[in-house]
Amino acid sequence: MTNELNYILESKNVNVYYGELHALKDINLKIQKNSVTALIGPSGCGKSTFLRVFNRMNDYIDSFKIEGDVFMEGQNIYDKKVRVDELRKNIGMVFQKPNPFPKSIYENVAYGLKIQGIKDKEFLMDRVENSLKQAALWDEVKDDLKKSALALSGGQQQRICIARALAVEPNVLLMDEPTSALDPISTAKVEELINELKEKYTIVIVTHNMQQASRVSDNTAFFYMGDLIEHAKTEDIFRNPKKERTQNYITGRFG
Amino acid sequence: MTNSKKNRIKDKLFEYFGIACTFFGLVMLAIFIGNILIDGLTRIDLDFLQNLPSRKPEKSGILTAWTGSLWILCFTTLIAFPLGVAAGIYLEEYGKKSSLSSLLEVNISNLAGVPSIIYGLLGLEIFVRVFSLGNSILAGAFTLALLILPIIIVATREAIRAVPPSIRAASYGLGASKWQTVWHQVLPASMGGIFTGVILAISRAVGETAPLIVVGALAYVPFTPSSPMDEFTVMPIQIFNWVSRPLHGFTINAAAAIIILLLITFIMNGIAVYLRNKWQKKISW
Ligand SMILES: Nc1ncnc2c1ncn2[C@@H]1O[C@H](COP(=O)(O)OP(=O)(O)OP(=O)(O)O)[C@@H](O)[C@H]1O
Ligand SMILES: [Mg+2]
């Protein structure tokens, strides 16, 4: 059922088209609250598209068309009544390439709150500090919050982006290959972070890294050419996948 | 002769040809500026800036001309800046899909190529007659604003387009509205480019003569303007007026005024370059 408590997101018979291209085919998938779900699959299979379905970031693409229903806690997010800005305060997103604003570290993290009209300086500073701590960046930047975020390293920038998303306290965090531009150390930090965030957030993460998927996720969904092939507990997917396609993909025997 | 030898000679020849072309322009400019400096530099003093025009060349000054230019400049900027930037934002961020906006787009590019005298005629009909602004600073400023509007719009659009889509995505992703995204992220990030374009457009407006003559700027104004509804003259018209006088003294005056006009333009271009560099350094994606 859609209003069952331990599922926060659900896609029901979702079809996505970009013009003629049928990018997602009849996807049915439920996402557990306070879990990490990994989306895996070969390039172009529709992982990013599916991720963006949940915060309606596809809406900006001219040729985009969606059929079916997507629920967040029982509410159909493609309903006309739903306000997209409200939705996105609840569903944060971290992008593949770090994309900090060309502003100070502080301004970056506080931006999501400021656009909600929050002006209280103490409250903002509190949230900025907490978010940076959660993103494991506070110690590195606490002395120069006024520094431009563009002056940070790629790994730090990505953690700024994570802190920025956390500052508005969403329920869900969508991450599209958040570590693909990072070195192993930064990657490890982000993965550690995901493990901690799981307590409070529901996380959906797209990754091309099988080890990463098995390290950080509770459930894994395997996509292939727009189809959802298999969705199960991560250990089951990696130990004994039910479908041959899944097996081939995770063992790297993919033609 | 081998082929590679031939190519090397061709290479060299073209290099010299290029150098010659560059020098031709530079030398011409140097001769022109040198001539004017020799003629006019000694004529420039405080009196020259403070005196009204007069029948006697040595008593004439450019007070009315430069104050008129300043008035025109200010009002042209006040009118063209918000209009041009707003239009640029609309075309780039909002009106992307409609066929109306693509029609607008083509016409704005066309407008940038319309001879300035046509703008003068347009200004004469609309601002001087229909809005009955008369031969006033305001009529002139509106006309020049029309003239530089396409430049500002194009510059704004280019500056906005240079802001990477990932910045917009980040802003939308946090729940920002379109307005907030444009206002808080896109505009600040593109201000360097916008200012550069605006300053270049204005420095073009400073030198415009024909459209202002058509809307009725006077060659001889015995007073400095005190309101936007006053009659006026501007630097290039004053220069044109002096150049066409037979007395040698007026030619000297013209040279001196040209130096000042060039100075204004160079300074404005300098500011534009400075701003662009400053912003480029601050924001490197
Ligand atoms: N903006 C768009 N316009 C048109 N087609 C698109 C657009 N974005 C994606 N597609 C197409 O939709 C399909 C799925 O793309 P998507 O980006 O979701 O794949 P992906 O699984 O995230 O791939 P990758 O692993 O390379 O990021 C692809 O065939 C792609 O070409
Ligand atoms: Mg992708």
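The values are calculated or read from the model by the stated rules, or taken from the named source; none is laboratory data. This is a predicted model, so every value here is computed, not measured. Reconstructed Cβ throughout: ideal geometry from the backbone, glycine too, with neighbour counts over all protein chains shown. These area figures cover heavy atoms from the full protein model, side chains too; ligands, DNA and RNA do not enter into them. Shrake-Rupley method; radii C 1.70, N 1.55, O 1.52, S 1.80 Å.
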For the protein assembly as shown, percent of DSSP beta bridges that are antiparallel (nearest 5) comes out at 60
Probe 1.4 Å, accessible area per residue of chain B, Å²
53
Between A:V82 and A:N195, how many nm apart are label points set 7 Å from Cα along the C-beta direction?
3.3
Inter-probe distance in nm under a simple model that places probes 7 Å from Cα toward Cβ, at B:S4 and B:R204:
4.8
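Nearest 500 deg cm²/dmol is fine: what mean residue ellipticity at 222 nm does chain A get from its DSSP H runs of n ≥ 4 alone, each adding -39,500 (n - 2.57), divided by its residue count? Walk me through the numbers before you get to the answer.
Details: 10 runs with 92 residues, N = 255.
That calculation yields -10500 deg cm²/dmol at 222 nm.
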Hydropathy first: keep DSSP H helices in chain A averaging at least -0.5 on Kyte-Doolittle, then drop any whose Cα extent along the axis falls short of 15 Å, and list what survives.
A:154-167, A:184-197
What net charge is computed for the residues neighbouring B:I194, neighbours being all others with C-beta under 13 Å from the C-beta of B:I194, Lys and Arg scored +1, Asp and Glu -1?
+1
Interface residues of segment B:159-200, defined as losing at least 50 Å² of accessible area versus the chain alone with a 1.4 Å probe, are B:A170, B:Y172, B:G173, B:L174, B:G175, B:Q185
Under the Karplus relation with 6.51, -1.76 and 1.60 and θ = phi - 60°, whole-Hz ³J(HN,Hα) for segment A:205-215, x at Gly and Pro, equal 10, 8, 8, 9, 9, 4, 4, 4, 4, 6, 6
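Can you give me the accessible area per residue for segment A:37-179, using a 1.4 Å probe, in Å²? Each step should come with its number before you reach the end.
Numbers: 5770 Å² over 143 residues.
I get 40 Å² per residue for this part.
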Given the DSSP H assignment, sum -39500 (n - 2.57) over each helix run of at least 4 residues in chain B and divide by its residue total; what's the result at 222 nm in deg cm²/dmol, nearest 500?
-23000 deg cm²/dmol
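Quick check: at a probe of 1.4 Å, how many percent of the accessible area of the protein assembly as shown sits on carbon and sulfur atoms?
Details: 15840 of 26760 Å².
In the protein assembly as shown, the share of accessible area belonging to carbon and sulfur is 59 percent.
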Computed over chain B: relative contact order in percent, which uses C-alpha pairs under 8 Å that are six or more apart
26
Nitroxide proxy distance, nm - points 7 Å out along Cα→Cβ at B:S101 and A:E235:
5.2
Taking N as the number of residues in segment B:3-43, the ratio of its alpha carbon radius of gyration to 2.2 N^0.38 Å works out to 1.97
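Leaving ligands and nucleic acids out of the surface, order B:L146, B:L121, B:L275 by accessible area at 1.4 Å, largest first.
I get B:L121, B:L146, B:L275, largest accessible area first.
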Given a Förster distance of 60 Å, report the FRET efficiency between A:E244 and A:E122 from their Cβ-Cβ distance, rounded to the nearest 0.05.
0.55
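What number results when the radius of gyration of chain A, computed over Cα atoms, is divided by 2.2 N^0.38 Å?
1.01
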Cα coordinate range in the protein assembly as shown, projected on the principal axes (Å, largest first):
101, 73, 51
Probe 1.4 Å - accessible area at A:M225, Å² to nearest ten:
120
